[in-house]
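Bear in mind that the values in this text are calculations on the coordinates, not laboratory data. Computed from a predicted model, the values in this text were never measured in an experiment. Because the Cβ atoms are built from the backbone with ideal geometry, glycine has one as well, and the counts that use them run over all protein chains shown.
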Amino acid sequence: MRLSRTQLFDRIHKAGVISMLALTGFGAYLLTVRTYRYFNDVRPMQAERKRLMAEEMIAQEQIEKEAELMRRQQDAEKLVS
């Protein structure tokens, strides 16, 4: 069975359109998966990392303030004695 030129071009066009639709569907699937992963995995990890860095910064500031207080107390004790 031989196809006419128009029928051949119609089939090629249909295959191209179906391929493009499949590619678009697959792209939408990947976008959905990546978006889901971002909001359920990546974003909470970034928030946790940010929280830990803030806690470390607060702890470091506390240590520095305690060291400064100890130096001032020692200086005051030297002046008194």
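Give me the angle, in degrees from 0 to 90, between the Cα long axis of helix 5-37 and the longest principal axis of the Cα atoms of the chain, rounded to the nearest 10. So the inclination is approximately 20 degrees. The radius of gyration of the Cα set in the chain, together with its Dmax, comes out at 33.8, 114 angstrom. Annotation note: trypsin sites (Lys or Arg not before Pro) in the chain located in DSSP loop regions with a Cβ neighbour count of at most 12 within 10 Å are Arg2.
Whole-percent P(r), the stretch 28-71, all Cα pairs, 5 Å bins from 0: 5, 21, 12, 13, 10, 9, 8, 7, 6, 4, 3, 2, 0. Where only DSSP H runs of four or more residues are counted, the chain gives -32000 deg cm²/dmol as its mean residue ellipticity at 222 nm, each run worth -39500 (n - 2.57).
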